[in-house]
Amino acid sequence: MPARAPSIHLRVVVTWVSIFPLVTVGMTVMTLSGPITATWPTWLRALSLTGVVVPTAVYFVVPRVLALSVRWTIWRRRRSAAAESCESLQAARAKGSYSHQ
């Protein structure tokens with residue numbers, strides 16, 4: 001069975017978590033390089049910032065954050081399944097319907 005694609009909600013969160021720090025760093029760099037970029041028109045600053053942020057996010061950051069979130073989801077599901085199994089075993093023992101063979 002092929003793996004299900006992450007939900008749209010997870011992809012939105014992963015994309016935002018990936019892009020926000022990149023934009024913050026990019027804006028900081030542009031502010032620190034004031035004399036150079038301060039005279040640029042807004043569209044050119046936006047073009048240069050997104051020209052760096054989008055490829056960096058798409059090729060490097062988003063895949064790693066998405067993989068991390070998938071691993072976390074798998075770990076959480078296994079942990080939940082193990083807890084449910086343990087609870088059902090304890091309930092069966094309490095009822096006396098479980099016998100150890």
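Does region 23-32 include one or more residues that are under 28 Å from ILE8 (Cα atoms) and open to solvent by 100 Å² or more (accessible area, probe 1.4 Å)? Yes, the conditions are met somewhere in region 23-32. Cβ separations smaller than 8 Å between residues 6+ apart or across chains give the following pairs from region 40-53 residues that are farther than 14 Å from VAL25 by Cβ to residues that are surrounded by 13 or more Cβ atoms within 10 Å (Cβ to Cβ): TRP40/SER48; ARG45/MET30; ARG45/THR37. Taking helices (runs of 4 or more DSSP H) as the structural unit, those lying wholly within region 25-100 and holding at least 2 residues that are at pLDDT 90 or above and of a type outside the set (Lys, Arg) correspond to 42-56, 62-95. The residue list ARG77, ARG64, ARG11, ARG4 contains one member that is in contact (Cβ under 8 Å) with a residue 40 or more places away in the chain, open to solvent by 70 Å² or more (accessible area, probe 1.4 Å) and under 22 Å from the mean Cα position of the chain (by Cα), which is ARG11.
The values are calculated or read from the model by the stated rules, or taken from the named source; none is laboratory data. Because the structure is a prediction, the values reported are computed rather than measured. Note that each Cβ is placed from the backbone with ideal geometry, even for glycine, and that neighbours are counted across all protein chains shown. All accessible areas refer to the heavy atoms of the entire protein, side chains included, with ligands and DNA or RNA removed. Shrake-Rupley method; radii C 1.70, N 1.55, O 1.52, S 1.80 Å.
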